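What follows is calculated from the coordinates using simple rules that are stated; it is not laboratory data. Note that the structure is predicted; figures quoted are calculated from it, not measured. Reconstructed Cβ throughout: ideal geometry from the backbone, glycine too, with neighbour counts over all protein chains shown.
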Amino acid sequence: MAMTPWACGVLWLSSMRPRLPPCPTAQTGRMTGTRHGVGAPQPATRGDRPVNPLQRATERLTSPVEVRGPLPAPPEAVWAVLADPRTYPDWLVGAQHIRAVDDGFPAPGTRFHHSVGPVEEATIDDVSESIAAEPPHRLLLDVHVGRTEGLVELLVQPQGDGSFLTFREKPRGHLSVATPALRPALFARNAVSLRRLRAYLGDGSRP
């Protein structure tokens, strides 16, 4: 079924509203640091000046959507999966097919070519790029699906015998102003992706 890039992107986002799993938790933060960085939550003051409540609420609503939770594998094993886009269809919601991956991925500037959509019959082909890679702890991607753009940051920290993953996503471009409306769908979709990644790392299954 042929779909325009805009229709496919909107359908992909709006259709991802599954039941939330119990483990991941959400937290909001705002973009800080470098041009492409995704920052942690900020305090309610800037220097000696209190933050305007309306400004603070606006920043929270437009901050990156965050899902996080434990994984049953050490950071090196988690990184091996995150750094291999060919695994994405096994756990990342919406990733239907990976068509090609640049040599050296995820070195900054390398890309992978993907087909993304709610189902295999309704996808759009596009390309996403690695912005930063700090093995085995941080991967930052500039993601494109037609006219839909976003920054995705994956942070991996050791926790006991396993790891703890923080998954942040922030819409960019024309959709950035719609972040507050998109938050529930993005959180639900990424929470399911985290649950699938946990199962994939545990026994290779896809729930």
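Any chance you could run the full-extension gain for residue 181 through residue 203? It's 0.36 nm times the residue separation minus the Cα-Cα distance, nm to one decimal.
Numbers: separation 22, 0.36 × 22 = 7.92 nm, distance 3.53 nm.
Residue separation times 0.36 nm, minus the Cα-Cα distance, leaves 4.4 nm.
Using a 7 Å offset from the Cα along the Cα-to-Cβ direction at both residue 127 and residue 56, what is the distance between the two label points in nm, to one decimal?
4.4 nm
Please work out whether the range 113-207 counts as rounded, prolate or oblate from its C-alpha gyration tensor, where a ≥ b ≥ c are the square roots of the eigenvalues and a/c under 1.5 means rounded, while otherwise a/b larger than b/c means prolate and anything else oblate?
It comes out prolate by the Cα gyration axes.
Taking the beta-carbon count within 10 Å as an exposure proxy, list 164, 187 from fewest neighbours to most.
Details: 164 16, 187 20.
Final ranking by Cβ density, sparse to dense: 164, 187.
If I stretch the segment between residue 134 and residue 164 completely, what's the gain in nm (0.36 nm per residue apart, minus their alpha carbon distance), one decimal?
9.2 nm
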